[in-house]
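Working notes for the structure below.
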Amino acid sequence: MANDIDALFNQQKENQNNIKNSDSGQRIQKLELIENYLNNEKNLDQLYHAMYTDLKKPKAEILISETGIIHAHLSFVKKNLKKWMKPEKVSRPLSLLGTKSYIHYEPKGITLIISPWNYPLNLSIVPLIYALSAGNSIVLKPSEISSSTSRFIKKMITDLFDEKEVAVVEGGSNIAQELLSKPFDHIFFTGSPQIGKIVMSEAAKNLSSVTLELGGKSPSIIDETADLSGISEKCTWAKFINTGQSCIAPDYLILKDVVYNDFLENMIYSIEKLYSAQENIKMSSDYGRIINEKHFKRLESMFNDALEKGAHVVYGGEFDESSLYISPTILDNVAEDMEIMNDEIFGPILPVIKYSSTSEACDIVSRRPKPLTMYIASKDKKNINYLINHTTAGGSVINDYMLGYSNPNLPFGGVNNSGIGKSFGFHGFVEFSNQRSIIHRKWGNLNLIYPPYSEKKLEKLKEIHKWFS
């Protein structure tokens, strides 16, 4: 396999110049290949089957969180790519009189995309869209955990592209390690902070630039002015879509003490409303499963650790390993030394903490690494501003959930432990581009600064220096 990867890398390297010089129309044609493939009903049926096999994901969730998002980005890029590719003129200081300055966007080159299993199509194809739009050649390594969807991706890319432009390499951690040893020009990784550190370490050996889309513990702060009924339903959907296996899902709730009980009552009502609890959530066709036994046991261990340290089950708490089912679960009496408050949960378990003052809520957030997303539910502008100004996060959503992934005009990404770099829209195009600065002299020169430095020249330089000071 190492020889195959070497051959693939060299093939893409030899072809990169051809791709680099493609125009916007040629790049858009490539995007339309993906668009048409995912609009084909036969292909969609194969995708539905693959994702149900991997995650028991309902068709509606696939349309909402996988193909729908891909089509939205395709449409946005197609509309804007020609404009993005144009040289960007910038002003120049008086000292550069006679020149013009601009930014030339050129592809970084050969890129590696390593994608995760939780949204296996979306998180493979969306970065691929931006890598293609910027004119790169791409090696895509989808997750071996969501193996059925990875096979679908492999077939799609093989059907649509020559491997000297875009190729899919399947396999486990040994294949990822082999790929990371190659001198890619850019690496785009989506996954956990733990693996992100390994990716960054390997990239440093070749000085490859990186985009790390990680995750972490995204808090949701709800104050006494929030619309409890409306926000509880939104929070329920956001937490339990894809069975909680979302990097931007609310990881834990920080509830104002005066609305604590009322909010939990509303959330329990929302769970039973959305997932037909009266008919048994386990039987609901709208509720998925944990990806595999390893992650099931990880979540079960977190849950048991919390109970052993004093947490209480407010709702749910049902685990069935034979079907990889974990019910929507709410825990209270949660302490900060519990595993569930220190590791990203990535599952349908929701710990809840009380707070009495806004500063206390900020302190709870700030004791943890900076999150990918912070959610705020409030009608009080003063509270909202205080929470934003006294915390740091990759992004924030106010009075709703999961929307940070939906506006391509906004940069998406984390900060420090939750990620490095930004993606989506123009920001995604730039992330896969080298911003090459160009200064073009049209007339004149700077021979005043050339030696020999006579007294007369020195006096002139002193005058100029004072003028610019």
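Computed over the chain, the per-residue total of -39500 (n - 2.57) for DSSP H runs of n ≥ 4 gives a 222 nm mean residue ellipticity of -13500 deg cm²/dmol, rounded to 500.
Here the Karplus curve 6.51 cos²θ - 1.76 cosθ + 1.60, taken at θ = phi - 60°, turns the phi angles of segment 141-157 into couplings of 10, x, 6, 6, 6, 8, 5, 5, 5, 4, 5, 4, 4, 4, 5, 4, 5 Hz, with x standing for Gly and Pro. Here the Karplus relation 6.51 cos²θ - 1.76 cosθ + 1.60, evaluated at θ = phi - 60°, turns the backbone of segment 52-62 into coupling constants of 5, 4, 6, 10, 6, 7, x, 4, 4, 5, 5 Hz, with x for every Gly and Pro. Taking Cα centre as origin and charging only the Cβ of basic (Lys, Arg, +1) and acidic (Asp, Glu, -1) residues, the dipole magnitude of segment 219-405 rounds to 540 debye. Give the lysines whose C-alpha is closer than 18 Å to that of K442, dropping any in the same chain fewer than 8 places away, or say none. Cross-link targets: K89, K100.
I'd like the FRET efficiency for K197 and D262, computed as 1/(1 + (r/R0)^6) with the beta carbon distance as r and R0 of 41 Å, rounded to 0.05.
Approximately 0.50, to the nearest 0.05.
What is the calculated FRET efficiency for H440 to N280, with r their C-beta to C-beta distance and R₀ = 56 Å, to the nearest 0.05?
So, using R0 = 56 Å, E works out to roughly 0.20.
In this Cβ point-charge picture (+1 for Lys and Arg, -1 for Asp and Glu), segment 97-232 has a dipole of about 380 debye about its Cα centre. Just for the chain, what percent of DSSP beta bridges are antiparallel, to the closest 5? If we restrict to bridges inside the chain, about 40 percent are antiparallel. Considering only Cα atoms, the convex hull volume of segment 219-405 works out to 106 Å³ per residue.
Toward the positive end of the charge dipole of segment 345-469, about the Cα centre and with charges on Cβ (Lys, Arg +1; Asp, Glu -1), which of Y453, I349, G394 goes farthest? Final value for the positive-end residue is Y453. Take 359-372, 117-130, 409-422 and order them by the average number of nearby Cβ atoms within 10 Å per residue, most first; the result is 117-130, 409-422, 359-372.
Output the 0 to 90 degree angle, nearest 10, between the alpha-carbon long axis of helix 68-85 and the longest principal axis computed from the alpha carbons of the chain. Its long axis makes an angle of about 10 degrees.
Rounded, prolate or oblate: which one fits segment 272-313, using the alpha carbon gyration tensor with axes a ≥ b ≥ c (rounded when a/c is under 1.5, else prolate when a/b beats b/c, else oblate)? Provide the component values of the computation, followed by the final result.
Values: a/c = 4.13, a/b = 1.50, b/c = 2.75.
It comes out oblate by the Cα gyration axes.
Take 194-201, 376-383, 328-335 and order them by the average number of nearby Cβ atoms within 10 Å per residue, most first; the result is 328-335, 376-383, 194-201. The Cα atoms of segment 1-74 give a gyration tensor whose axes a ≥ b ≥ c have a/c of 1.5 or more with a/b no greater than b/c, which makes the shape oblate.
Relative to the compact globular guide of 2.2 N^0.38 Å, what is the alpha carbon radius of gyration of the chain, as a ratio?
Here the Cα radius of gyration is 1.12 times the empirical estimate.
Arranged from fewest to most other beta-carbon atoms within 10 Å of their beta carbon, K57, K294, K457 become K294, K457, K57. Helix 455-468 and the longest principal axis of the C-alpha atoms of the chain enclose an angle of approximately 30°. Dipole size of the chain about its Cα centre, with +1 on Lys/Arg Cβ and -1 on Asp/Glu Cβ: approximately 2920 debye, rounded to the nearest 20. Using the Cβ atoms and a cut-off under 10 Å, what net charge is assigned to the surroundings of F432, where Lys and Arg are +1 and Asp and Glu are -1? Charge balance in the 10 Å sphere: -1. Reducing segment 328-358 and segment 435-451 to their Cα centroids gives an inter-centroid distance of 59 Å.
Of the GluC sites (Glu not before Pro) found in segment 396-469, none is in coil by DSSP with at most 12 other Cβ atoms within 10 Å of its Cβ.
When the Cα gyration tensor is reduced to axis lengths a ≥ b ≥ c, the ratio a/c stays below 1.5 for segment 116-194, which is therefore classed as rounded. So, in Å, what gap is there between the alpha-carbon centers of segment 74-92 and segment 1-73? After rounding, the separation between the Cα centres reads 23 Å.
With the highest mean first, a sort of the peptides 39-47, 220-228, 299-307 on other beta-carbon atoms found within 10 angstrom per residue produces 220-228, 299-307, 39-47.
Rule-based calculations on the coordinates, nothing more; no lab input. Just so we're clear, the structure is a prediction, and the values are computed from it rather than from any experiment. Reconstructed Cβ throughout: ideal geometry from the backbone, glycine too, with neighbour counts over all protein chains shown.
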